[in-house]
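Quick note: the coordinates plus some simple rules give every number you see, no bench work behind them. Model, not experiment: these values are computed from the prediction. Using ideal geometry, Cβ is built from the backbone for each residue, glycine included, and neighbour counts are taken over all protein chains shown.
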Amino acid sequence: MSHTVVAHTHEEHRSTKLPDIKLMMWIFLASDCMFFGSLIGSYLVYKDKSVVGPYPTDVLDIPLTTVSTFVLLMSSFLMVLALHSLRSNDIPKFRLWTLGVCVFGSIFLGFQVYEFSHFVDLGLTLDQNLFGTTFFVLTGTHGVHVTIGVLMLLSLLIISYIRPTSAKDAVYLEVTGLYWHFVDIVWIVIFTVIYLVEFV
Amino acid sequence: MAIGRQTAAAGDAGVITRPTWTTGWASWLTTVDHKRLGLLYIVSSFIFLAFGSIEAFLIRLQLTRPEQQLISPDVFNQLFTMHGVTMVFLAIMPLGIGFANYFVPLMIGARDLAFPRLNAFGYWVYALGGVFLYTSFFLGGAPDVGWFAYAPLTSLSNNPGNGVDFYMIGLLVGGIGTLVTAMNLIVTVVNMRAPGMTFMRLPLFVWMMLITSFLIIFAFPALTIALFQVIMDRTFGTLFYVPEAGALPILWQHLFWIFGHPEVYIIILPAFGVISEVIPTFSRKPLFGYPIMVLSGIFIGFMGFAVWSHHMFTTGLGPVANTAFALTSFVIGIPTGIKVFNWIATMWGGHVRFAVPMLYATAFLITFTLGGITGIMVAVPPFDAQVQDTYFVVAHFHFVMGGGALLAFLAGFYYWFPKMSGRMMPEGLGKIAFWLIVPGFYLIFWPQHLAGLVGMPRRVQTYEAGIGLDAYNLMSSMGTYVMGAGMIIVIASAFWALRKGTIAGDDPWDGRTLEWATTSPPPHYDFDVVPEINDRDPVWLIKHPELIERRDPISESVDPDHTPPEHVEQIAIHIPGQSWYPLIAALGIFFGSYALLYQNLFLGLFTVAIIFLACYAWALEGVGGHHENVDPAAGGRA
Amino acid sequence: MPVVRWFHRVAPLLGLALVLAGCVTDGPRSMLHPAGEVAQQQLDIFMWTFWLSIVVLVLVIGVLIFAIFRFRRQYTGDKDAIPNQTHGSVPLEITWTIIPVIIVILVAVPTVRAIFATEVRVTPEEGDVIVDATGYQWWWRFEYPEHGIVTANELHMPVGSRLIVDLDSADVLHSFWVPKLAGKRDMIPNQDNQLWLSADEPGIYYGHCAELCLGAHAYMRFRLVVQEQEDYDAWVASFQQAGQADASPPLTQVQDSQLIQQGRALYAQKGCIGCHTNDNYALGLGSPDFPSLTNFGMRNTVGAGVLDNTHENLTTWIRDPQSVKPGNYMPTLWQADDPDALEEAGAIAAYLLSLGTEGQQTQANARGGSNGDR
């Protein structure tokens, strides 16, 4: 046997030179746009259609949510730093920044949990009126997205202690980062549609 | 980190030892081979097709004569709901996906889909979702609200039984399977084309599947959200579709049809793809006007998102909205017309051989044209005001879905059966079945147009005698026996052919596209060596090298990074490892569905844990697999 | 040529089917024989698209069949010959892009015209009859706000007037559809839809619910009675009297009188009055969410268009509603083995039939005169 050519199914030839997993994430995010689009659409259709209170202006607290929005935006910034560190093989920094993203994400979730329980105290529940129904389902779905993002990042963090990690693995962090930035952008849309528009 | 990069150390990472069976039932449960999964899809589709047909038969039995009471209204509602759901979600759409699973990688010169285990997961979720839906018959009654389940018929107060929950959760679960498979197909087509297989050289079936997959990823979320809202309403007391709280039931219709109309194209575009493969092969000519065929497919897919409200002309959207959606619907007629003309032009001047696949393709052309024309008619809102929700519409969409998609997939089934099984379907029986199925189909659905015009609403369990409906319904019911006999012959002859059919050889039809370059059935790794691709019909060009001068100029441009394959004596082909985790995750979702339905917190937490663990184990075990040494000169394994 | 041989065998059967299929086009719910302006326009646009379709079909299927026979391999001879490998033709493809564009324009222009002729929301004018129609599982509540009339399952309107129907639903979706007069419009909770129609001549027109509403959806029918103006006025007046007059009508026959008196007692005793008013809610008895039985004797049908309104049918309906209209919500008032059931039901039926049939007005008059079923 003169020489053997290794024809991999999963690593070798790629028509676009992009890793499959990255392409997959882009396609998933395209699809996820439609998920959020449908939920935001439902929210807008039912805006001002509630027959009993509490109404949005009774409960929404712009300053508080601005703070949590800022925290979420900053987490995206840390995400960029984490990816940069991993790409330059700086594993300790990568771990630090990734942990930072997780912490900021968790702070955002903490704000959301506080907000939800505060609203329930004010009488706004899932089955109170259409505002409650659409508000909780939309922001709740976003919260689940953030939670999954935090879990993915924590998993990457833990795996980096178990298995050898190097710049070659940056694609996994990059893909998670795509997801994270997307969830962040969606929040900006939700924040505008639910919170800001109400007080214009 | 290295999540997915373990290939050598199979079995280390997982909780369960990595399965390596190559035969027996366990090999099918753990398979990640796109061909096996394709076969599973096709077989499951045919099983569900049989269920759906039995339901259709019972519906026609009840409607044979006026004022019959063979089947109670409750059961009747369940039958037509399950018939619709089965045919759309469990039979016809997965049939297209099954063919895509099997043939897209073969046609683009790939050795598998991009994510083989995700592909397995997609199949298991679909199959178990179907099983879940069907268990409803034994657990308090199947859904009875029609396949589009208009709110507020689905609210807890209007429909306290479990049936609606089965519908909502079942479709939600099935939708997950369809979504991941579509994403997988997109990545595969975009990223795994063989060197030289440029986009303008892709077989039309692959193009149509690519467009279909994009339709799926954009359309299914709307359905998923709508289903999710109703599940929330019924389980957690939200008010999405509770009119007393001010909710607008029309929202469901918008969300459903934003999904539902693209769904029509999700079903019919793969059928277009099959026809676009069958007609050139049996005409011994290239597809006429390939670029415009691709473009019209893209255009149809795109417009598919702009016409949903033509299902809602009678809901009082107002004249302006009705005009807008009527016009966009008419516009879809243009690319569809172009396609039909191009198919006929492909036959024109050819040497057309009327083997069974070509017979079905011809029947498709006529039937689909008729269905398309009634489609233009019902897109006229004033006329639609009369026939909406009547048997005219029933006849219209059966001409498109049954006479269109089903006949095209039967063409595909006969066309690709030799490739999948290595044996030919019997030609004589095939023709007998064809001459039962097609006239039977017309006997069932042609009179339904007239029944609708004479005033028969759809979804009625019975109808008055003597108001002009009796004859049409009798004919329609008689047709089910004729068409049913034909379908039974198809299934029976397939079983016969699997054992006794004549050996097909690699290329029984004098094929044109890449799947005919490998053996029948193909080896696990699809191709020993992927042939050099420098034309749209690579296999045809290999057989007739003198035709290189007559290539389509558009297909001539050479892939910039295309290097001719070096001569090799041995190739080590990576075979991805089998895995239990897709099935375990799918089972978790399956049992989780019951937990949600019966609001069983314990089972719910348990299944969430199972899904969670399966996902981690799946991620950590990596692609796995081994390398198989192939000696191309010897034509197979070394 | 097995294909052709088979076709010869099947063709006569197919032809027979087509002939049979062509035989019935009329019926009381056939849109092909309209009797009103709206339905006429809807038929006109259909006929226009129909004849266009015939042209297109003859063209497409003609060319296809020619291609099938001219280019089949048996005909072209040499099996291994390779036909000319044409890839396309820009002029041809442009041609058959333009052809559908032209057809689409030919359909679109009259379509838009017809939409704005039939589907624009109208504001009531002098002489229009306004009805608030509410769909219930599985019957129809019709209220004439101008006259203070509430009735069920049977609409009346004068010939030549425009009927404006405001549509609403009390539970799930329904759809209001009288094919001979106008296409359907859905009845949706929290959405005020409107439909208008008019009729060219008096008669009784059939309506049907056209949106799945479970249970007895197949039996959710109604009648629209188009009358001459004076008959309609009399019908309106009879409702206004129903509230004022003593509930017991003047009776002609002693025998009937006793039966009717018994029925009237049973109507209260069996609890019918708890749901069904018989005096247009004058005394406040009955519930607005159940069919009004005011002037029931003038109705044409029993059970929302299911049976003709005869004493026998009505008795069967009252005795065992489920046997007539499976799935409906009307309770069965007697045990299966109650020996008096049939007699009592007959008495109630007699009483109901007496409602609104007093005086000079005969049932035949109320039912749209001599024109009969349309």
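Sequentially through the stretch C:45-57, phi angles give Karplus couplings (6.51, -1.76, 1.60; θ = phi - 60°) of 5, 5, 4, 4, 5, 4, 5, 4, 4, 4, 4, 4, 5 Hz, Gly and Pro residues having no value and appearing as x.
Annotation: extensible slack from A:Leu29 through A:Ile107 equals 25.7 nm (criterion: 0.36 nm per residue apart, minus Cα-Cα distance).
Counting only aspartates and glutamates at least 8 places from A:Lys93 when in the same chain, those with an alpha carbon closer than 17 Å to its own are A:Asp169, A:Glu174.
Considering only B:Pro457, B:Leu171, C:Ala234, whose Cα is most displaced toward the positive end of the charge dipole of the protein assembly as shown, charges sitting on Cβ of Lys, Arg (+1) and Asp, Glu (-1)? Result: B:Leu171, furthest along the dipole toward the positive end.
For the protein assembly as shown, the C-alpha radius of gyration sits at 1.01 times the compact-globule guess of 2.2 N^0.38 Å, with N the residue count.
Label separation (A:Lys49 vs B:Ala609): 4.1 nm, computed from points 7 Å beyond Cα along the C-beta direction. Within the straight-line cut-off of under 25 Å between alpha carbons, the lysines reachable from B:Lys339 are B:Lys285, sequence neighbours fewer than 8 places apart in one chain being disregarded. The lysines whose alpha-carbon is closer than 26 Å to the alpha-carbon of B:Lys500, local same-chain residues fewer than 8 away aside, are B:Lys35, B:Lys419, B:Lys431.
Taking label points 7 Å from Cα along the Cα-to-Cβ direction, B:Ala50 and C:Glu125 give a separation of 6.4 nm. Going from the residue with the fewest nearby Cβ atoms within 10 Å to the one with the most, B:Trp580, B:Trp147 rank B:Trp147, B:Trp580.
Using just its DSSP H runs of length 4 or more, each adding -39500 (n - 2.57), chain B gives a mean residue ellipticity at 222 nm of -20500 deg cm²/dmol after division by all residues.
Here the calculated FRET efficiency for C:Leu342 and C:Ala170, from their Cβ-Cβ distance with R0 = 25 Å, stands at 0.15, rounded to the nearest 0.05.
Which value in Å is the Kirkwood Rh of the stretch B:61-158 over different Cα pairs? Averaging 1/r across every pair of different Cα atoms and inverting gives 16.2 Å. Legend: calculated FRET efficiency, C:Ile94 to B:Met478, from the Cβ-Cβ distance at R0 = 51 Å, rounded to 0.05, equals 0.65. Look at the dipole of the protein assembly as shown built from charges on Cβ: of B:Ala324, B:Thr518, B:Trp257, the Cα furthest out on the positive end belongs to B:Thr518. Beta bridges assigned by DSSP with both partners in the protein assembly as shown are antiparallel in approximately 65 percent of cases.
Based on the Cβ-Cβ distance of B:His524 and B:Val131, what FRET efficiency does E = 1/(1 + (r/R0)^6) give at R0 = 25 Å, to the nearest 0.05? The calculated FRET efficiency here is 0.35. As a proxy for reagent exposure, ranking B:Phe137, C:Phe46 by other Cβ atoms within 10 Å from fewest up yields B:Phe137, C:Phe46. Assuming charge only on the beta carbon of Lys and Arg (+1) and of Asp and Glu (-1), the dipole of chain B about its Cα centre is about 640 debye to the nearest 20. Think of chain A as having a plus end and a minus end, set by charges on the Cβ of Lys, Arg, Asp and Glu; of A:Val120, A:Ala170, A:Ala82, A:Ala170 sits farthest toward the positive end of this dipole. Taken along the Cα-to-beta-carbon direction at a fixed 7 Å, the label points for C:Asn190 and C:Arg70 span 6.0 nm.
Counting other beta carbons within 10 Å of each residue's own, what order do A:Ser117, A:Ser42 fall into, fewest first?
Listing A:Ser117, A:Ser42 from fewest to most nearby Cβ atoms yields A:Ser117, A:Ser42.
Treating each Cα of the stretch C:80-127 as an identical point scatterer and ignoring solvent, apply the Debye formula and state log10 I(q)/I(0) at q = 0.25 Å⁻¹. Reported log10 I(q)/I(0), two decimals: -0.93.
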